Amino acid sequence: MLDQGRVVRVEKGLAWVEFAASSACTSCGACNRAASGKMVAEAENPVGAKVGDVVEVEISQAALTFFPFIAFGIPILFLFLGLALGSLISEAMGITLGFILLVVGFLGVRLVDRYISKQKKFRNRIIKVLLPA
């Protein structure tokens, strides 16, 4: 998928690109919402884009399909696992263990995110500068 945005920061071969937020990408976790209400995503910068440049970015299809599953699927799976295992003992234990495993699931998501965000196939990439600053 291709999208256009403006480079807001450049550092060590990477650029942070600000995109207009759309309904398709509300909060899947692949981007950070900037103070302006726009979405900011990290991208490889092989074309040498500079701050203020309008660029075309190739959004990783693998990230678009895989990140939402990780961000929402793992915690929900852990929640249900905790509810099921804890309810074998008592209802209160089911709720408690469900909550504990939900938190563990979110911590697991953080660890998985740190690992897979470094994988090349999950990285966004600037493919051209459309309008230099």
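No value in this document is a laboratory result; all are computed from the given coordinates. None of these values were measured; they are calculated from a predicted model. All Cβ positions, even for glycine, are placed from backbone atoms using ideal geometry, and neighbour counts span all protein chains on display.
By the scheme Lys and Arg +1, Asp and Glu -1, what is the net charge of all other residues having a beta-carbon under 14 Å from that of G52?
Charge balance in the 14 Å sphere: +1.
Apply the Karplus parameterisation 6.51 cos²θ - 1.76 cosθ + 1.60, with θ equal to phi minus 60°, to every residue of region 12-19 and state each ³J(HN,Hα) to the nearest whole Hz, in sequence, with x for glycine and proline.
6, x, 10, 9, 9, 10, 9, 10
Take M1, project a point 7 Å from its Cα along the Cβ direction, then tell me which residues of region 111-127 have their backbone nitrogen under 13 Å from it.
124
Among the aspartates and glutamates, which have Cα under 16 Å from the Cα of K118 when same-chain residues fewer than 8 positions away are ignored?
Qualifying aspartates and glutamates at Cα under 16 Å: E11, E42, E44.
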